Every structure is written in structure tokens, then in C-alpha cells.
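Student: This is the structure I have questions about; it appears just below.
The values are calculated or read from the model by the stated rules, or taken from the named source; none is laboratory data. Quick caveat, the model's predicted, so the values are computed rather than measured. Because the Cβ atoms are built from the backbone with ideal geometry, glycine has one as well, and the counts that use them run over all protein chains shown. Just the protein is used for accessible areas: all its heavy atoms, side chains included, with ligands, DNA and RNA removed. Shrake-Rupley method; radii C 1.70, N 1.55, O 1.52, S 1.80 Å.
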Amino acid sequence: MVRFQRSALPAAVSCALSTLLVTTPFSASQAQEGVLEEVFITGSFIKGSPTDSALPVDVFDSAYIEASGAMSVGEIVNRLTVSSGAENQSDSFTQGSTQGTTNVNLRGLGLTSTLVLINNKRQTLSGARANDGSVFVDTGTVPVIAIDRIEVLKEGASTAYGSDAVAGVVNFLLHKDFDGLKVDGYFSDTAEDSQTDTRFGVLWGGGNERTRINLAMEYFERDPLNASERPELVDNAVSTLGTTFLPLGAGTVTEGPWAGDFGFLENIPDPNCVENQGILIPQASGARCGFFYGPRFNMVNEETKLTAYGSLTHDFSDTLSFSAELNYTDGEVKDNPQSPSYPILTFPTISPAHPGNPFGVPVIWLGRALGSTFESPLAPRENDTIRAMAELSGALNDRTDWQISLTYSENEYSGFNPDQIQSRLFAALEGRGGASGDQFFNPFDPTGHDPELIDWMTDGERVVRTADQLVLDGVISGDLFEMDSGTVQYAAGFQVMEDGYAVDRNELSITQRDANGVLLPADMVFLGGGIEADESRTSVAAFAEAVLPVTDAIELTLAARYTDLETDSSVDPKVALRWQLTDELVFRASASTSFREPSLAQIFAADTSLQGVADTDPLTNELSSSTAFVRVTSIGSEDLGSEESENYNLGLIWTPTPTIDMRLDYWSVDYTDVITVESAQGKVIADRCGPDIIRIGDCETGALVGVVSNLINASSVETDGIDFEGTWSFAEGWALRGNVSHFLSYEIPTADGGTQDVVGLFNHDNFARSLPETKANIALNYAAGNHSAAAILYYVSDYETTRPVPEGESQDIDSWTTLDLQYAYNFALNDSGNIKLSVGAKNVTDEEPPRVFDGVNLSYDPKHHDPRGRIYYLNASYSF
């Protein structure tokens with residue numbers, strides 16, 4: 001069916017068209033003297049200026065990025081105040097499937113709701129999937145040295161680009177006209193524990209009047225930061241399942257390390273628990289030998305990344321040009337240490353006939369095959385991306401331009417997660433283990449395991465996810481006709497897009513469905529595995545837009561797009577107004593609809609991840625303050641429909657003097673049919689005995705071991721806020737720039753049919769991510785002769801968690817303010833170029849990340865705070 005996006009927007013466009021018919025025509029709006037040359041601005045195929053556009057676009061050029069001292073694209077994105085809740089510091093606990101990637105989350109509306117472009121062209125999604133089922137474009141495939149500027153469109157843009165541009169667009173515009181050679185080297189080091197980052201890049205550009213070539217290469221290397229260097233940030237990462245036994249009877253052990261009396265179901269820990277690097281945790285009956293896994297994991301992984309970019313432009317004549325681009329990225333997470341093994345959530349009963357059982361009665365084993373005495377295995381990741389684009393463009397006449405392009409991009413994300421083979425472990429507990437089939441695995445001796453037996457029962461999950469996209473774009477634009485006030489400009493075009501998605505697994509991790517269609521876990525102790533997939537689909541779209549000068553002061557933009565999907569269709573209109581109220585003041589307004597088609601990864605999802613979930617009390621239904629990692633299986637559906645949104649923006653641009661420019665915007669998004677994976681924590685809270693809650697034994701008292709969470713179109717978001725951006729050149733060489741984004745509301749549905757405003761909350765039990773109310777970025781720059789300096793203040797407001805906390809913890813998450821400083825000197829080398837040397841420090845006051853009580857996860861929020869503390873860096877570049 002054809003779906004006109006909701007409410008009165010189509011009527012508003014019709015009303016605007018009617019108004020034009022009775023309004024005196026005019027010329028294109030006047031650009032003020034000194035504004036940027038008109039270029040194609042993100043969000044439109046008609047030329048304009050980003051400084052006074054009707055669209056809310058922020059522009060960050062390469063000079064701004066260099067002054068920020070950003071090491072990577074992920075670090076640049078983290079400082080965007082309009083991005084909230086992105087995964088650019090992936091950790092094994094909450095973001096284990098996106099390590100080695102970076103992404104954007106405009107307006108906090110989800111990783112899937114921001115469209116990422118490279119040189120105005122779409123890029124394939126990453127094969128990686130976040131824990132909440134989100135898919136995204138990996139922005140880490142962009143080499144920093146090749147960036148000319150970044151444009152951020154802070155509103156929906158489906159009329160221009162189609163699916164995914166619900167929250168906005170981030171467009172990475174790479175150099176195509178660079179002339180000369182630039183060699184750049186960057187090194188940073190943490191002040192406390194010597195975690196280092198190194199980046200080396202080369203950019204070259206040359207050619208003649210008809211042909212231009214730009215080439216860039218960048219190599220990035222990161223040393224790890226193990227959590228043992230920051231123990232205060234992982235102190236809650238403790239499992240009660242180390243090595244403990246519950247006897248199914250009473251008795252006495254007369255000799256040996258287990259000697260003593262024991263009672264029925266008394267907790268009996270490893271007698272050498274502390275010596276074996278475990279932790280004794282008191283219980284109502286006895287104690288448990290817990291496992292402190294936090295220090296085993298990294299907060300920053302060892303990582304390498306090679307990115308390359310090349311562009312070619314050639315003018316065959318004054319009316320015909322060709323351009324081509326090629327990108328390649330090879331990224332690796334090389335270490336990523338894990339626990340030696342995961343807990344056995346089926347809690348096996350070990351027979352008294354087991355030769356290692358000292359109790360003489362059956363015992364329930366609460367633990368893991370390989371405990372604290374074993375080394376951490378690694379879970380490496382590989383991330384390879386290729387992108388190729390070819391375009392022909394030209395002019396039909398003095399009034400009409402055209403272009404047609406073909407873009408192909410592909411990402412392959414692969415990883416390994418170690419685990420034990422469940423059937424082999426259980427066989428070994430019964431004396432049927434090993435190649436000979438007669439070996440016992442002895443859980444009563446945590447240090448005496450046979451290495452060959454361990455190898456026999458150990459493997460893991462190997463998954464390769466591949467996403468690819470082929471896009472054919474065609475656009476024609478130019479002057480349509482003259483009105484009394486000026487020229488009506490237009491653009492029209494089409495797009496044909498084919499997406500593909502494939503999942504390949506090793507045999508061990510492939511799961512099957514039972515007779516009722518329920519996904520059964522794979523033959524692994526803890527990891528649940530998933531299914532394989534190989535799917536593709538095609539969509540076709542046509543669009544048109546026009547800029548009409550209504551009067552000398554008023555400019556109206558109208559646009560619409562029709563998209564034909566394989567299972568649905570969508571019509572998305574847009575209207576934007578620019579009104580020059582005075583020479584200094586511009587009013588802008590826009591209204592549009594946007595949509596996002598469910599990704600193939602969401603439709604065909606069937607994966608299991610590990611998530612920290614707290615159980616509820618069987619009598620009071622109160623949520624426990626302690627959490628444990630359980631299997632959470634997310635399952636997609638071919639019945640998923642497209643998400644829809646209505647976007648509104650009202651803004652003022654005030655330029656009282658040539659040295660002061662300020663922009664204030666109010667924005668609003670009404671986002672419906674949002675695809676989200678059901679919150680595992682929320683499902684446990686709603687019904688501890690629900691059909692998707694998996695327990696061992698009776699549902700009322702049995703231990704929680706898993707949750708099945710479906711991907712559904714069940715949510716909605718109504719959110720609004722205010723953005724401010726200002727620049728002030730207040731003295732010779734001095735400039736001040738500020739960006740502030742402030743949420744007014746972010747309302748989502750509640751289980752009882754109402755709504756809840758979740759701004760200022762950590763949101764552990766719903767689909768929203770942590771949402772600080774305000775983020776700000778203020779930069780003070782100075783430049784005089786060969787000297788330059790910068791000071792950047794970054795602020796994240798306080799927020800809180802509603803998770804129950806134990807005594808001594810707080811639900812409050814403090815605000816976080818950091819200061820970065822940089823000084824640079826430019827050494828001129830006569831006619832042979834120049835060397836620029838920059839030294840700086842990030843977080844010069846060494847502010848620790850605010851403490852977050854998030855159960856057994858990290859004790860800070862990696863989506864908003866950096867755990868590394870003060871960082872010193874040196875950047876040297878040679879250009880000629």
C-alpha cells in the first residue's frame with residue numbers, strides 16, 4: 001500500500017502551494033555579503049549556503065577538527081552535542097558486538113535513525129549489530145586526514161535521501177580538490193597508565209585543469225587499557241558463580257581440603273577460593289566462591305586500522321565530467337580478553353560416583369568449567385569495508401545540470417567468542433570425555449585439569465556478517481522559470497537501491513527451531529548461537545524539490561519523494577521557509593515526514609547475546625539490586641513495518657555584525673512504529689513467569705537463565721529540544737564557538753498505556769539509551785602569525801538511574817566537564833612547505849567518569865564518558 005506519512009503534513013504542503021498561487025513571485029533570496037560560496041548543502045540537491053540555509057546544518061571543517069585534537073572519527077562524533085548514546089567506546093559487557101566500529105546517534109533516536117553519507121552518497125550498513133538490535137553505518141571507515149568538512153543536518157531528510165534519515169544526516173565530505181602533499185603523524189598517551197594511540201596519514205593531490213587526483217592513506221594503532229588499571233570502574237563486575245556446590249543431603253567430609261560438616265543445600269565454596277583468585281560471598285547458608293571477572297576485560301582494546309581513499313575527476317569538456325572514488329578499510333580488534341569460561345546456567349548435578357566428589361551425595365554445581373586460575377581467552381574482531389563510486393555529470397544547457405552515479409559498498413564484520421561445548425562438558429562430568437571417551441572432568445579441583453581434555457571440550461562461536469548495498473542515483477537540476485522576484489530553481493531525480501545481508505556461522509553456533517518455531521540454544525554452555533541468513537531486496541524512489549522566491553525576503557522550498565519498497569510504499573513531503581526579516585535576522589522553519597525501512601538484519605535476526613539482568617523477588621516482585629549475565633535471544637520478523645516520523649524545526653539566524661553569528665533552533669520529532677527489541681529487563685519486571693522468561697525449575701523460584709526478546713513495531717517517541725550554535729570573532733586572532741543541545745522532553749510509552757518522559761535517565765529498563773538533558777561544546781581559538789592555540793570545554797549534564805541500588809551506591813550520575821588545551825606552531829620552510837607542530841592535553845584536570853551503578857556491568861557510562869583520564873598528545877604535519 002501507499003502510506004502517506006501521518007497527520008496534516010500533506011495538507012500543509014498543499015496549503016503552501018495554494019499560497020504561492022496568490023502571492024507575488026520574486027527572485028531568489030539575497031545572500032549576504034561575505035557568506036560562503038553557494039554549494040550543494042546536505043539535505044538538498046539545490047545549491048545554497050550552509051550559514052543561512054533554511055535547513056539546520058552545522059558545518060565542521062578540517063581546521064576545526066585539527067584544533068580539537070581528535071584522534072579518530074569516533075572521537076569527533078563523541079563531541080557532537082546533537083549525538084547522544086552512540087557506541088564509540090565499545091565494551092564487552094553492553095556493546096560486545098560492535099567493538100572496532102564507531103557510529104552516530106542524532107537526537108538519541110537510535111543508531112538506525114541517522115543516515116551517514118560519504119561525499120553525498122549512501123554507505124552500506126555495518127555487519128555488526130548492537131545489543132538492542134540496532135544497525136548502523138560504521139563511521140570509522142573514514143580516514144581523518146581525508147576529511148575536508150563534516151556537515152550535520154539536524155532534521156529528517158527522507159525527501160532527499162529516502163530511508164534512515166529520521167533523526168538527520170551526517171555527511172563526510174572528503175577532499176577532491178586538495179593540491180600538494182600532507183604527511184601527518186599523531187601520538188597520544190594517557191597520563192596514568194600509558195595507554196597509547198598512534199595515527200599516521202598521507203594525503204596527496206595533483207593534476208591539471210582537466211584532471212584531478214586525490215589519494216589518502218591512514219594507519220591507526222591503539223594499545224589496550226585493561227580494566228585492572230582502573231579497578232574502581234569494574235568493582236561491581238562480580239559473578240556469584242565461581243566454584244560452589246550445593247549438596248543434596250547432609251554429611252561429613254573427614255579429610256582433605258573439603259573436610260567438615262555440611263547440610264542439605266548448604267553453599268560450600270572452593271576451600272582455596274581466595275588463593276585461587278576467587279571472592280568469598282556470604283550467603284544465608286554458607287558462602288559462595290565468586291568470580292571477579294571485571295579486571296580481565298579491556299576498557300580499550302588493542303586495535304589496528306588501515307584506511308585508504310582515492311578520488312579522480314576528469315572534465316571531458318565544459319559540459320561533461322567524470323568522477324570516481326574508492327575507499328578501503330581493514331580493521332582488527334586484536335585482543336578483547338574474556339572470562340576463561342562462562343557459568344553453566346543449567347546447574348548440573350554431579351553424581352556421588354564421580355571420583356572427585358568428596359561429599360558422598362549428589363551435589364549441584366554452581367560455577368564454570370574454567371575459573372579464576374585460568375588465563376583469559378581472546379575474542380578478536382575483523383572489520384573490512386570497500387566502497388566504489390562512479391559518476392557522470394554535465395550540463396544540458398546554461399540552465400540545466402545533470403548527474404548519474406553508481407555506488408557499491410560492502411562491509412564484512414566477523415568475530416569469535418570462546419565457550420565450552422555443552423554436550424562434551426557433560427560427557428566429561430560422567431567420565432566419557434576426551435578423545436578416548438573415558439576421561440573425567442573434575443570440577444572439585446579448579447587447578448588440576450588436563451589441557452588436552454580442556455581443548456577437546458572448548459570451542460566457540462564464529463560469525464561472519466556481511467552487508468552490501470548497490471545504489472543507482474540520477475539527478476537533474478537547474479532554473480525552472482523566472483518570477484518577478486527571481487528564478488525558480490528545481491531538482492528531480494530517481495534512486496534504485498539493492499541491499500544484501502548474509503550471516504555465516506560455524507556449525508557449533510548454528511541453532512535450530514523446535515516444532516513450535518522456538519529457537520533452541522546451540523550446543524554451547526553459555527552462548528546461544530543463532531541462525532544463518534542470505535537475503536536481499538530492492539527499492540525504487542523518485543523525488544522532486546523546488547525553491548520558489550515568494551518575495552524579495554521570503555523563500556519557500558517544497559519537496560516530495562515517493563519510495564516503492566518490496567512490501568510497502570511511502571510518500572514523504574517537505575516544506576521549508578526562509579524569511580529575511582532584517583539585514584541581520586533570518587527566520588527559518590521546516591516540516592517534513594521521514595521513514596525507515598526495517599533492515600534485513602532486523603527482519604532476519606535470530607541471535608543470542610549476554611546481558612546483565614536483575615531478577616525480581618518471587619513474593620514482593622521487587623527488583624533486586626544485583627544482576628547476573630543471562631542469555632538474551634533477539635528474534636526478528638518479516639512482519640516488521642517501516643518506522644515513520646514527523647519532523648518540525650523553527651529557527652532564528654542572527655548576524656548583528658560581521659564577527660557575530662548565532663543560530664537558535666527549536667526542533668520536534670514525533671517518531672512512531674519504532675522498531676525495538678523488547679527490553680529483557682522490562683520483560684522480567686512485567687512478568688517473572690512470562691512465556692519468554694527462561695528459568696531452571698519452577699517459574700516462581702527457579703533461577704533466571706534467559707529471556708527471549710522480539711523485535712517489534714511497538715514503540716513511539718515524542719521528543720523536542722533546543723539547539724544553539726554561535727561564533728564570535730571578538731578580537732584580532734580570537735574566536736569563540738559554542739554548540740549546545742538541550743532536550744525538553746523524550747516521551748515513550750509505558751506498560752500501562754501511558755507515557756513517560758525519560759530525559760535525564762539512564763534507561764536501563766527500556767529501549768531508550770542514557771539521555772543526559774544537556775550537552776555543550778565551547779571552543780576558544782587564537783591565531784596570530786605562526787602561533788595558534790585552542791581551549792575546548794565539553795559538558796555532559798547529570799542524570800540518574802532508576803535501578804535499585806545497594807547501600808553505599810547512588811542513583812545519581814554526576815555531570816561531567818572536561819577541558820582540552822592545544823598549542824601549535826607553524827614552521828615555514830621557505831618555498832618547500834611548512835611543518836606544523838601541535839601539543840595538547842585532553843581532560844587536563846583529569847576528571848574521572850561519573851560513577852554509574854549498572855549492576856554487573858562497568859561502573860561508568862561508555863556512551864557518554866571516557867575512562868582514560870588525562871591524555872597528552874603530539875601532532876606533527878608536513879605540507880607543501
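Student: Under a Cβ-only charge scheme (Lys and Arg +1, Asp and Glu -1), can you give me the dipole magnitude of the chain about the Cα centre, in debye to the nearest 20? Show your work: numbers first, answer last.
Tutor: Details: 52 positive and 126 negative charges, 56 e Å.
Using only the charged Cβ atoms, the result is roughly 280 debye.
Student: Something else about it: Got the relative contact order for region 747-880 handy, in percent, Cα pairs under 8 Å and 6 or more residues apart?
Tutor: This gives 18 percent for region 747-880.
Student: Still on this structure: Using 0.36 nm per residue, how much length does the chain from Asp568 to Ala353 gain when fully extended, once their Cα-Cα distance is taken away?
Tutor: Values: separation 215, 0.36 × 215 = 77.40 nm, distance 6.26 nm.
Between Asp568 and Ala353, full extension yields an extra 71.1 nm.
Student: Set the Förster radius R0 to 56 Å, insert the Cβ-Cβ distance between Gln512 and Asp757 as r into 1/(1 + (r/R0)^6), and round the FRET efficiency to 0.05. Working shown, then result.
Tutor: Values: r = 43 Å, r/R0 = 0.77.
Once the sixth-power term is evaluated, E becomes 0.85.
Student: Hey, with R₀ at 45 Å, roughly what FRET efficiency would Ala589 and Leu406 work out to, going by the Cβ-Cβ distance, to 0.05?
Tutor: Numbers: r = 36 Å, r/R0 = 0.80.
It comes to 0.80.
Student: Continuing with this model, one more query. Would you mind checking region 421-440 for residues with the amide N under 14 Å from a putative spin-label position 7 Å along Cα→C-beta of Asp450?
Tutor: 425, 427-440
Student: Which listed residue (Val116, Thr141, Gly74) has the Cα farthest towards the positive end of the charge dipole for region 73-151, taking +1 on Lys and Arg C-beta and -1 on Asp and Glu C-beta about the Cα centre?
Tutor: Result: Val116, furthest along the dipole toward the positive end.
Student: Roughly to the nearest percent, how much of the accessible area of region 757-880 is carbon and sulfur, given a 1.4 Å probe? Mind dumping the intermediate values first?
Tutor: On the way: 2710 of 5150 Å².
Answer for region 757-880 is 53 percent, counting heavy atoms of protein chains only.
Student: Compute the helix-to-body angle for 9-21: its Cα long axis versus the longest principal axis of the chain, expressed 0 to 90° and rounded to tens.
Tutor: That works out to roughly 0 degrees.
Student: Right, next: By how many nm would the segment from Asn397 to His742 grow when fully extended, if each residue of separation counts as 0.36 nm and the alpha-carbon distance is taken off?
Tutor: Working: separation 345, 0.36 × 345 = 124.20 nm, distance 4.68 nm.
Gain on stretching Asn397 to His742: 119.5 nm.
Student: For the residue pair Glu275 and Asn786, what label-to-label distance in nm results when each label sits 7 Å from Cα along the Cα-to-beta-carbon direction?
Tutor: Distance between the two pseudo-spin positions: 6.7 nm.
Student: So which lysines can Lys574 reach, going by Cα to Cα under 24 Å and dropping same-chain residues fewer than 8 places off?
Tutor: Partners within reach: Lys47, Lys121, Lys154.
Student: Okay, next question. Report the one residue of Ser485, Asn417, Asn397 whose Cα lies farthest in the direction of the positive end of the charge dipole of region 366-490 (charges on C-beta: Lys and Arg +1, Asp and Glu -1; origin at the Cα centre).
Tutor: Of the candidates, Asn417 comes out farthest on the positive side.
Student: Right, here's the next one. Expressed in nm to one decimal, what extension gain is obtained for the pair Leu378 and Asp438 from 0.36 nm per residue of sequence separation less their Cα-Cα distance?
Tutor: On the way: separation 60, 0.36 × 60 = 21.60 nm, distance 2.95 nm.
18.7 nm is the gain from fully extending Leu378 to Asp438.
Student: Taking only protein heavy atoms into account and a 1.4 Å probe, give the accessible area per residue of the chain in Å². Spell out each step's value before the answer.
Tutor: Details: 34170 Å² over 880 residues.
On a per-residue basis, 39 Å².
Student: Protein chains only, probe 1.4 Å: how do Lys47, Lys836 rank by accessible area, largest first?
Tutor: Final ranking, largest accessible area leading: Lys47, Lys836.
Student: At 7 Å along the Cα-to-beta-carbon direction for both Ala714 and Asp479, put a label point, then send me their distance in nm to one decimal.
Tutor: 5.7 nm
Student: Using a simple spin-label model with points 7 Å from Cα along the Cα→Cβ vector, what separation in nm is obtained for Ala544 and Glu266?
Tutor: Going from the Ala544 label point to the Glu266 one covers 8.5 nm.
Student: So, in Å, what gap is there between the alpha-carbon centers of region 722-794 and region 295-335?
Tutor: 29 Å
Student: With r defined as the distance between the Cβ atoms of Arg462 and Phe316 and R0 fixed at 41 Å, what FRET efficiency is calculated, to the nearest 0.05? Don't skip to the answer; put the middle values down first.
Tutor: Working: r = 49 Å, r/R0 = 1.19.
About 0.25, to the nearest 0.05.
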